[in-house]
Amino acid sequence: MDVMSAALGGMCTAQNSLEKSGERIAGATVQPQDSVDLSTEMVEMLAAANQYQANARVIQTTDNMQKRLLNILA
């Protein structure tokens with residue numbers, strides 16, 4: 001599998017996780033049965049943000065490696 005495709009897939013997964021956490025927080029009502037544990041949601045959002053950042057670094061590193069390879073071959 002292509003490294004860029006894997007990194008982009010990871011970024012999409014992280015984005016979906018962030019969106020779901022946001023929807024759960026925004027959709028929570030004041031009724032006790034619909035309560036949302038904000039600490040759990042925050043941990044999930046931070047994990048998704050870290051995942052997104054790690055995948056962005058993979059893309060950046062891959063881009064740099066391809067540039068160096070082209071410079072060597074040119």
How many residues of the range 1-33 are surrounded by 10 or more Cβ atoms within 10 Å (Cβ to Cβ) and modelled with pLDDT under 90? The answer is 7
Pairs returned, first residue in the range 34-59 that is within 20 Å of Met11 (Cβ to Cβ), second residue that is modelled with pLDDT of 95 or more and in a loop (DSSP other than H, G, I, E, B), beta-carbon separation under 6 angstrom, 6 or more apart or interchain, are none
Scanning the range 43-74 for residues that are of a type in the set (D, E, K, R) and within 30 Å of Ile25 (Cβ to Cβ), the one surrounded by the most Cβ atoms within 10 Å (Cβ to Cβ) turns out to be Glu44
Do we have any residue at all in the range 47-66 that's among the small types (Gly, Ala, Ser) and out of contact with any helix residue (DSSP H, G or I) (no Cβ under 9 Å at 6 or more places or on another chain)? no
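The values are calculated or read from the model by the stated rules, or taken from the named source; none is laboratory data. Owing to the predicted nature of the structure, the values given are computational and were not obtained by experimental measurement. Cβ coordinates were reconstructed from backbone atoms using ideal geometry, including for glycine residues, and neighbour counts include every protein chain displayed.
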